[in-house]
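Reading through the structure tokens given below for one structure.
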Amino acid sequence: MDSIILFGLLAVLIVFMFRNNKKRKQQADELQASIAVGANVMLTSGIYGRVTKIEGDRLVIETMPGTSLSVIKLAVREVIKTEVESPRTKTTKTAEKPAVASATEPVKKTTVKKTAK
């Protein structure tokens, strides 16, 4: 009786393993099919770039203007839907009022009144 339960659990485990493997393979195939010239991609190494040419199982990716990498299609981790914001194009928010008065602004004088005791 115990051996039947163990074989049943083993069979269920094997079914789940095959199902997960099939799902993972389908997702990888969809990713490979979505790669097109002009798409922004991220590689498994964390490098971002734009696909400029597809040559069989290889891609040519432009990481910066004038810099190209030739990589295998399987190195693509994801296709980016929106433009990746580089650190050089980020704008920082500045305070509306500066903490220190500028040199062109006159300094306001305050007087302290002394009271007699």
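The values are calculated or read from the model by the stated rules, or taken from the named source; none is laboratory data. The shown structure was predicted, so the numbers you read here are calculated from the model rather than taken from an experiment. As a convention, Cβ positions derive from the backbone with ideal geometry for all residues, glycine included, and neighbour counts pool all protein chains shown.
Quick look at the numbers
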| item | result |
| --- | --- |
| Neighbours by Cβ (under 9 Å, 6+ apart or cross-chain): first from the stretch 41-64, closer than 10 Å to VAL76 by Cα; second part of a loop (DSSP other than H, G, I, E, B) and among the polar types (S, T, N, Q) | TYR48/SER86 |
| The lone exception for LEU31 - which of (1) closer than 15 Å to VAL71 by Cβ; (2) of a type outside the set (D, E, K, R); (3) at pLDDT below 90; (4) surrounded by fewer than 12 Cβ atoms within 10 Å (Cβ to Cβ) it fails | (4) |
| Check on MET1, surrounded by 10 or more Cβ atoms within 10 Å (Cβ to Cβ), outside the structural domain of GLU78 (by TED's automatic domain parsing) and free of Cβ contacts under 8 Å to residues at least 12 places away in the same chain | no |
| Within the stretch 22-49, tally of residues that are in contact with a helix residue (DSSP H, G or I) (Cβ under 8 Å, 6 or more places away or on another chain) and not in a helix (DSSP H, G or I) | 4 |
| Residues of the stretch 15-67 that turn out to be farther than 14 Å from ILE80 by Cα and among the β-branched types (Val, Ile, Thr), as a count | 5 |
| Failed condition for THR67, given (1) exposed (fewer than 10 other Cβ atoms within 10 Å of the Cβ); (2) in contact with a strand residue (DSSP E or B) (Cβ under 8 Å, 6 or more places away or on another chain) | (2) |
